[in-house]
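Novice: Following this message is one structure expressed as structure tokens.
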Amino acid sequence: QEQTLVLVKPDGVRRNLIGEVLARIERKGYVVTGLKLVEAERELLEKHYEEHVGKPFFEPLLEFMMSGPIVAARVEGHGVVEGFRSLAGATNPTTAAPGTIRGDLGRDWGAKVIENIVHGSDSVDSAERELAIWFG
Ligand code: ATP
């Protein structure tokens, strides 16, 4: 079965949206096969976000991801990588389509980093790499 990594980022956890995000995943028909609440360390986040090393938002992104607990979920289903990206919506919650997690629940809070509630792996290969990082 295809798998993806979903993270409820610290803003989503602070705003009590864990259940809302998991409910949308489950209502869509995907299955949660791994779930944990973690306080991520810098080393893990540097691996997770290695493609963004050197970008101006890299350090704010790490600070944000270390600002509180994160929920990590392994989610399964045919086409789930693309399917969850579609549920999540565009990166910027200001313009993410209504009906998506970011479009319905997110907004611009004026922070240095885009706070957008969730992360979802962007390809089957990234999913495999990221699941190894978060679930071993
Ligand atoms: P994710 O990988 O978290 O699902 P994404 O694939 O839509 O989101 P990426 O381009 O991989 O976005 O960027 C990772 C995260 O870095 C984004 O989700 C967002 O929190 C933050 N980010 C991306 N671009 C910017 C930017 N230009 N300014 C500030 N923060 C950004």
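The values are calculated or read from the model by the stated rules, or taken from the named source; none is laboratory data. Worth saying up front: this structure is predicted, and the values here are computed from it rather than measured. Positions of Cβ are backbone-derived with ideal geometry, glycine not excepted, and every protein chain shown enters the neighbour counts.
Novice: Return the residues of the stretch 55-70 that are in contact with a Leu (Cβ under 6 Å, 6 or more places away or on another chain) and either in a helix (DSSP H, G or I) or of a type in the set (A, V, I, L, M) (or both); say none if nothing qualifies.
Specialist: Selection gives LEU62, MET65, ILE70.
Novice: Further question on the same structure: Out of ALA40, ALA90, ALA73, which single residue is at pLDDT 95 or above, part of a strand (DSSP E or B) and either surrounded by 14 or more Cβ atoms within 10 Å (Cβ to Cβ) or more than 14 Å from the chain's Cα centre (by Cα) (or both)?
Specialist: On inspection, the qualifying residue turns out to be ALA73.
Novice: Please identify the pairs in which a residue from the stretch 54-75 that is touching a residue at least 12 places away in the same chain (Cβ under 8 Å) and within 21 Å of LEU131 (Cα to Cα) has its Cβ atom under 6 Å from the Cβ atom of a residue that is among the polar types (S, T, N, Q) and surrounded by 14 or more Cβ atoms within 10 Å (Cβ to Cβ), counting only partners at least 6 apart or on another chain.
Specialist: What qualifies is ARG74/GLN3; VAL75/THR4.
Novice: So which pairs qualify, if the first residue must be in the stretch 105-130 and closer than 15 Å to PHE57 by Cα, the second must be of a type in the set (Lys, Arg), the Cβ gap must be under 8 Å, and the two must be at least 6 apart or on different chains?
Specialist: Correct list of pairs: GLU115/LYS9; ASN116/LYS9; ASN116/ARG102.
Novice: Something else: Quick test for you: out of LYS47, LYS112, pick the one residue that is over 27 Å from GLY136 (Cβ atoms), within 15 Å of the ligand (Cβ to nearest atom) and more than 14 Å from the chain's Cα centre (by Cα).
Specialist: The unique qualifying residue is LYS112.
Novice: Let me ask another. For ARG85, state whether it is part of a helix (DSSP H, G or I), in contact with a strand residue (DSSP E or B) (Cβ under 8 Å, 6 or more places away or on another chain) and either at negative phi or within 11 Å of the ligand (Cβ to nearest atom) (or both).
Specialist: yes
Novice: Being touching a Ser or Thr at 6+ places or on another chain (Cβ under 8 Å) and within 14 Å of the ligand (Cβ to nearest atom) is the requirement here; does GLY120 meet it?
Specialist: Answer is yes for this residue.
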